[in-house]
Structure formats: structure tokens, C-alpha cells
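The values are calculated or read from the model by the stated rules, or taken from the named source; none is laboratory data. The model shown is predicted, which means the values in this text are computed figures rather than measured ones. No Cβ is skipped: glycine too gets one built from the backbone with ideal geometry, and neighbour counts run over all protein chains shown. Just the protein is used for accessible areas: all its heavy atoms, side chains included, with ligands, DNA and RNA removed. Shrake-Rupley method; radii C 1.70, N 1.55, O 1.52, S 1.80 Å.
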Amino acid sequence: MHRNFAKVAVRNQAVTWLGANFWSRRGGPLMWRSYDPAVVREELRVLAAHGLTMTRSFFYWPDFMPEPDRIDEGCAEHYRDFLEAHAEAGLTTIPTLLVGHMSGENWDPAWRRGRDLYGDVWMVARQAWFAEQMARRFAGHPAVTGWLVSNEMPIYGERSPRETVTSWALLVVQALRAGGASQPISIGDGAWGVEVTGHDNGFSVRDLGALVDFLGPHVYRMENDVVRQHYGAAFVCELTGFLGKPVVLEEFGVSSGFTSDENAAHYYRQILHNTLLAGATGWIGWNNTDFDLIDQDPYRHHPFELHFGLTTVDGRPKPQLEEMARFAKVLADIDVVNCEREPADAALIVPSYLEGVFPFTEPEDRSYLFSVLRQAYVAAKEADLPIGFTRERDGIAEDCRLYLLPSTKQLTAPTWHLLERLASRGAVVYVSYSPGAHGSQRGPWYAHLNAMFGVEHQLRYGLVDPVEGDQVELTFQRPFGAIAEGATLVFPVSGTEHSRAYLPVRPKGAEVVAVDQHGRPAVLRREVGSGSVVLCTYPIEHFAAATPRVNPEPTYRLYAALAELAGARRPVTVDDPRVAADTLRHRDGRRYVFLVSQADQPLSVEPAAASGHLTERGGKTPVRKVEIAPYGVAILELRGGQ
């Protein structure tokens, strides 16, 4: 299946953005009151010297629009000089219009007086007027490369019905266009809509995506597992890319108050490379500089916000900026604008229930899906399995060899039957059981469980079959892919009183592939036409998702075996789950192999190509052993393969 790698087009030219969200250290959000052209130019010079190509800039709304029908011309003139400074440095910028939220505080124009930002006709008209005025002033400047309507509007304006939010966004976007803005436009909402997060805040990625030219996730996740943390932004980019629009990681970063310099560099390196391989084609770090504005809100009461910079308060580059510089060189060396992701033979199915489109379902169903899909994504990466995302709501892609349904409680009835038909045509369909994580209608919402999987379930109404102990041991009764007969995989057990459960079954047509430590069927396979369906009676992905510091865990071995059974391509593999292999293909035929390590120590690995041979980038001598630094990235070329 096709995997999204769309690029933003500026003036009919495809680009990849690499930059920083920008506030000058002289003033932060209040920089337009104390604008210092010399300091701004020095700040931009440092960014450009490290390979950055652009910034995201902000019209602090209370200052730029002090009255409902007046633009502060002093701020506008400062911004015009700001654009000139970008042109001098060889940079471009994305102006952000409605900046009422910033770094832990909301900032209203005095004249708003509590009016609804989305539903009050007069208030929406004022925002549209502001957008048109800013576009008329600045859209023609060559340093303007795009536009954002807002900064994290779901925090500032809070939740509202999606039809109201979408109508508001449409009117502001139209006003930008009316003012002459021809550059790409997006909303600046963080892509936090229900289609990505499972939480309905009114900012539908699906609805807003129809209005914009790119989508911009903001990712600052608190996690309890370093591997999930390093793949978190990549997973969000994958979920966001379902509309085929360019995905720009619009905000990401770390406060030096929360992480050491060394670990901050690791984080940036991981986020940049993993999101590239997940389809992102733009990256804007938060933010360009540290601040010493200890008496100024929001930094007075959110002091950790003082330390998110790529540079220190005196302009010295931090390790994060050095990682951005290295990544800029990677993008240039591989000519990323002319690269594509390779198609995937394996699909991770995103159930419609993530979007909450059905009556009498629970919010917990959506948050549960986010966590298990993310853990399955991590396991696929550990298995070196290129994977695409296919959404049930949009129709399951029918061109895959392997379909993964991890720890699944719910799909619609027609989809279950479609998956069985796909198996009959030669695909492998994998499902791991889950009753869900809460007590409402607890159990498998499967259309024809027994018939589809060749079993007779032994469930009792209203009850779960609890898993006792902290581990599940699956012992294989027959060879399964690369898993040998007699091999045992040990999985952690976690979850709620509802979800720490297994599915008791008796085989009726299915063969038992593996049993648990009590001798009960745990993995079963039923041949269907020229393919098969595989059932795991334990929610192993959910168990892992609910367990801190768990990765890598053995699900990757099961996924690798499923890929072998299905004939799903894995162009390059590494016999160590701490190193993930993935590829990008240049339009001239070159194939770049990225090896990304999740180990906190140096590793020596021997990557294997399914066909062809591996060389150093630009070289011809075959490479057999690769040394990778802690949390490091190595890039090779794959020559002669399919």
C-alpha cells in the first residue's frame, strides 16, 4: 500500500522545511514592543549557520490588534524588518495569526471581553479582518513561505462543536486568500483532533484537512517507556497522514530543565529521523532560544519554559541545534525532496471507533485504541516491518499481504467479513483478542468469531477470564515463521480488571500454533482459501502498552513471523530489536537504509538485505558490520535489490 510522503509546495516548488519556532530572546512574546533588529539578525544568523531554512513567527494578538478595527503599525513595521532580516539570512518564515495562547498562558486582546472565538459572528469577522490585513501587508514578501491561522487554538478557544470550528477556520482561511496569501496555509491547532488522539476537541483533522495545504502535529508527550517516547511523534505523523496532505512536525522539543544536554540531543536525533521515516516532510523545533525573562509571564510561573531553546540566552548553540545541523546535512545528502517512502505489504488497521462515530460507545474505547495501535507500531518497527495505516472508516486497503489488528475489541460487522475475504484471496489477517479496558459491553464485538477463526469460544456473559500472574508464556507447538517449534515467548501482563483477560477457546478447524503455560490454546491459525487468519487469545499489545519500560518485548518476534508467513517484504532486517531498519527510495533508483538504535550503549550489528547488498552512502564496497552510537542513526545504501 502507498505510504504518505507528500511535500509542501511553495510557489509551485516542492520544499522541505527545517526550522525553529521563533521568539527573540529580547522580549519573548513581547518582542514586538522592544524589537531589537541587531539581536534578531544575530539570532537568525546562528540558525542559518546550522542549516535551518525557516522559522515560524507569531503575531502576538493583543499587541498587533489593540482595537477591533486597528492594526498597530509599529508592530507591523517591526515585522516588516523581521522579514527583511530573514531575506538577508537566506531564511523564510511562516507567520502565525491568532496568537492568544503561548507557553502556559492565554492572552486576550482587551476588546474581546469573553466573546466566543468561533461562534460569535462579530468576533469571527474581526479575526477574518485581521487575517486579510496581515496578508495584504506581507503576503507578497519573498520571505513568507506559509501561513498559520493560530497557535494551539484548542487551548486558547477551548472545545466547540466541529461544524462551528470548521466554519470559523474556513472563514479565516478565505480571508487570508482574499488578502493575497498564495502560500500554503494550515490551522496551527496541533492536529489534536479525534482522528489522531481519540479525543474530540472539535478540531477535526478530517474536516480541517479539506481546507488546508498541510497538517501540523504538535507533540510533547510525557511517557514511561523510552522506545515509545522516541517513536511517539512518528506514530502521530503516521496517524495524521491519512488524507495524503503533507505532514509538518510543527512543534516538538524539550526543556533543558527536564532533560540533560546529552539526552536532549538523543531526543532530537530520534524524533527527526523517526518522523522522516514516518512521512513527515517538515520539522519546526520549539524553540530558537532560551530566555532570561524570569519576571515576565508566562516564564515567571512556568520557569521550565525558559529552557526550550536551540541556543542559550547568549546565543551559543545547544546540542539540540547541532542535531538539527546534522539532520539538515542528511536531508541535503539524500536529496529528500526527490525521495519517497517505499510501499508497504503490511497494514495496521485503525478501527472506526477511534473517531467515535458510533452511538453508545465510550471515550475509553478511543484512548485505548491510541495506546494499543502505538504499541503495535513500535513492535512493527522492532521487527523491521514496513507498515502502512489503513482506516476502517475510509475502507480497508485491499492490496496488502498482512493485516494487523492488535488487542482488538471493536470493528464493524462488514469489516470482519471483508477481512475474511481478503484472507481467502491470499492475505494473512492477524487479530489479538481484547474485551476492552472498561466495563461497558465488555467483550469481543466480532461479527462471527467462531466461524472466522475456526474455534468455539468459552466465554461467560458479563464476565472476563482473568489472567493470573505477571507473565504469559506462549510455547510454540510447531514452527511459525522464524519461531522454532518449542520456542517460548514471555509477555508481561498489565491493564485493568477488565482488560487483564484472555479468550478461552476450543479449536474447531483451526490448528493450535502455540499454547500458554497452562496448556490452553494461545495462537491459532485457520487456513482460508489461499491465505489464513491468525488469532492470539491474549491482548499482548495492550499488556505491553500498559507496562512501563517494557520495550523491546517479544511481540516483534510474532510480527516478524507473521510477515514471513504472509510474504510481506522486509527489505533490510537487523537481528536485534533495538535497531530498526527502514528505507527511502530516490526517484533515480537509489535506496537509502536508515538504521535507528534504541540502545543506550554502542552496538555492532550486521544488517541483512532481502535482496541486493548494502554499502556505505555513496560507496560500492559491501558493508557487513555497522557500528552505531547510543541512540544513534546509521545510513547506508541498498544496491541491486528489488
Number of the condition not met by ALA379 [criteria: (1) of a type in the set (A, V, I, L, M, F, W, C); (2) surrounded by fewer than 24 Cβ atoms within 10 Å (Cβ to Cβ); (3) in contact with a helix residue (DSSP H, G or I) (Cβ under 9 Å, 6 or more places away or on another chain)]: (2)
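May I ask you to list the residues in the stretch 325-341 that are of a type in the set (Gly, Ala, Ser) and touching a Ser or Thr at 6+ places or on another chain (Cβ under 7 Å)?
none
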query: Across the stretch 32-45, what is the number of residues that are open to solvent by 10 Å² or more (accessible area, probe 1.4 Å) and of a type outside the set (D, E, K, R)?
result: 5
- prompt: Residues GLU67, GLU77, GLU105, GLU73: which one is under 25 Å from ARG45 (Cα atoms), surrounded by fewer than 20 Cβ atoms within 10 Å (Cβ to Cβ) and of a type outside the set (A, V, I, L, M, F, W, C)?
  reply: GLU77
message: Any residue that is in a helix (DSSP H, G or I) and more than 23 Å from ALA379 (Cβ to Cβ) - is there at least one of those in the stretch 422-436?
response: yes
- prompt: Which condition number does SER57 fail, the rest of (1) buried (at least 18 other Cβ atoms within 10 Å of the Cβ); (2) free of Cβ contacts under 8 Å to residues at least 40 places away in the same chain; (3) in contact with a Gly (Cβ under 9 Å, 6 or more places away or on another chain) being met?
  reply: (3)
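Residues checked against (1) of a type in the set (A, V, I, L, M); (2) free of Cβ contacts under 8 Å to residues at least 60 places away in the same chain; (3) open to solvent by 40 Å² or more (accessible area, probe 1.4 Å):
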{"position": "ALA568", "(1), (2), (3)": "yes, no, no"}
{"position": "PRO571", "(1), (2), (3)": "no, no, no"}
{"position": "ASP576", "(1), (2), (3)": "no, yes, no"}
{"position": "LEU584", "(1), (2), (3)": "yes, no, no"}
{"position": "ALA609", "(1), (2), (3)": "yes, yes, no"}
Residue list for the stretch 514-564, restricted to those being under 21 Å from ARG478 (Cα atoms) and among the polar types (S, T, N, Q): GLN517, SER530, SER532, THR537, THR555
message: I'm trying to understand the selection: among the residues of the stretch 297-328, which are within 18 Å of GLY27 (Cα to Cα), surrounded by fewer than 19 Cβ atoms within 10 Å (Cβ to Cβ), out of contact with any Asp or Glu (no Cβ under 9 Å at 6 or more places or on another chain) and in contact (Cβ under 8 Å) with a residue 12 or more places away in the chain?
response: PRO303, PHE304
- prompt: Which members of the stretch 528-552 meet the condition of being open to solvent by 10 Å² or more (accessible area, probe 1.4 Å) and either farther than 22 Å from LYS508 by Cα or free of Cβ contacts under 8 Å to residues at least 60 places away in the same chain (or both)?
  reply: HIS542, ALA545, ALA546, THR547, PRO548, ARG549, VAL550, ASN551, PRO552
- line: Of (1) hydroxyl-bearing (Ser, Thr, Tyr); (2) open to solvent by 20 Å² or more (accessible area, probe 1.4 Å); (3) within 28 Å of GLU420 (Cβ to Cβ); (4) under 33 Å from the mean Cα position of the chain (by Cα), TYR461 fails just (4)
message: Report every pair of residues separated by at least 6 positions or lying on different chains whose Cβ atoms are under 6 Å apart, first residue within the stretch 244-264 and open to solvent by 40 Å² or more (accessible area, probe 1.4 Å), second assigned to a strand (DSSP E or B).
response: LYS245/LEU215
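The rows are residues; the columns are (1) within 22 Å of the chain's Cα centre (by Cα); (2) in contact (Cβ under 8 Å) with a residue 24 or more places away in the chain.
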site	(1), (2)
ASN106	no, yes
ARG112	no, no
TYR118	no, yes
GLY146	yes, yes
SER150	yes, yes
PRO154	yes, yes
SER160	no, yes
ALA178	no, yes
PRO184	yes, yes
task: Scan the stretch 612-631 and give yes if some residue there is open to solvent by 10 Å² or more (accessible area, probe 1.4 Å), within 30 Å of SER530 (Cβ to Cβ) and of a type outside the set (Asp, Glu), otherwise no.
output: yes
task: Would you mind finding the one in PRO521, PRO492, PRO507 that is touching a residue at least 12 places away in the same chain (Cβ under 8 Å) and open to solvent by 60 Å² or more (accessible area, probe 1.4 Å)?
output: PRO507
task: Show the residue pairs that are 6+ apart or on different chains and have beta-carbon atoms under 9 Å apart, the first residue being within the stretch 612-625 and touching a residue at least 60 places away in the same chain (Cβ under 8 Å), the second being part of a loop (DSSP other than H, G, I, E, B) and not hydroxyl-bearing (Ser, Thr, Tyr).
output: ARG617/ILE334
query: Of the conditions (1) buried (at least 18 other Cβ atoms within 10 Å of the Cβ); (2) at negative phi; (3) not in a loop (DSSP other than H, G, I, E, B), SER407 fails just one. Which one is it?
result: (2)
statement: Exactly one of ARG393, ARG401, ARG421 is more than 25 Å from GLY356 (Cβ to Cβ), touching an Asp or Glu at 6+ places or on another chain (Cβ under 8 Å) and either free of Cβ contacts under 8 Å to residues at least 12 places away in the same chain or open to solvent by 10 Å² or more (accessible area, probe 1.4 Å) (or both), and that one is ARG401
query: For residues in the stretch 329-359 being among the small types (Gly, Ala, Ser) and modelled with pLDDT of 95 or more, which is surrounded by the fewest Cβ atoms within 10 Å (Cβ to Cβ)?
result: ALA332
- prompt: When you scan the stretch 204-227, how many residues do you find that are more than 22 Å from ALA135 (Cβ to Cβ) and more than 17 Å from the chain's Cα centre (by Cα)?
  reply: 2
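Residue under question is ALA278, and the condition is that it be within 30 Å of VAL173 (Cβ to Cβ), at pLDDT 95 or above, in contact with a Cys (Cβ under 7 Å, 6 or more places away or on another chain) and not charged (D, E, K, R); does it hold?
In short, yes.
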message: Restricting to the stretch 553-610, name every residue that is closer than 30 Å to LEU535 by Cβ and charged (D, E, K, R).
response: GLU553, ARG557, GLU564, ARG569, ARG570, ASP575, ASP576, ARG578, ASP582
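Given the criterion in contact with a Lys or Arg (Cβ under 9 Å, 6 or more places away or on another chain) and more than 25 Å from MET153 (Cβ to Cβ), identify the matching residue among ALA85, ALA49, ALA76. Write out each step before concluding.
Working: ALA49 fails: in contact with a Lys or Arg (Cβ under 9 Å, 6 or more places away or on another chain); ALA76 fails: more than 25 Å from MET153 (Cβ to Cβ).
Checking each option against the conditions leaves just ALA85.
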query: Restricting the search to the stretch 342-359, which residues are assigned to a strand (DSSP E or B) and acidic (Asp, Glu)?
result: none
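Test GLU456 against the criterion of being open to solvent by 30 Å² or more (accessible area, probe 1.4 Å) and in a helix (DSSP H, G or I), and give yes or no.
Spelling it out, it is not the case that GLU456 is open to solvent by 30 Å² or more (accessible area, probe 1.4 Å) and in a helix (DSSP H, G or I).
Per-residue answers, yes or no, for (1) in contact with a Leu (Cβ under 8 Å, 6 or more places away or on another chain); (2) farther than 27 Å from THR16 by Cβ:
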{"site": "GLY257", "(1), (2)": "yes, yes"}
{"site": "GLY285", "(1), (2)": "yes, no"}
{"site": "GLY309", "(1), (2)": "no, no"}
{"site": "GLY315", "(1), (2)": "no, no"}
{"site": "GLN320", "(1), (2)": "yes, no"}
{"site": "GLU340", "(1), (2)": "yes, no"}
{"site": "ILE349", "(1), (2)": "yes, yes"}
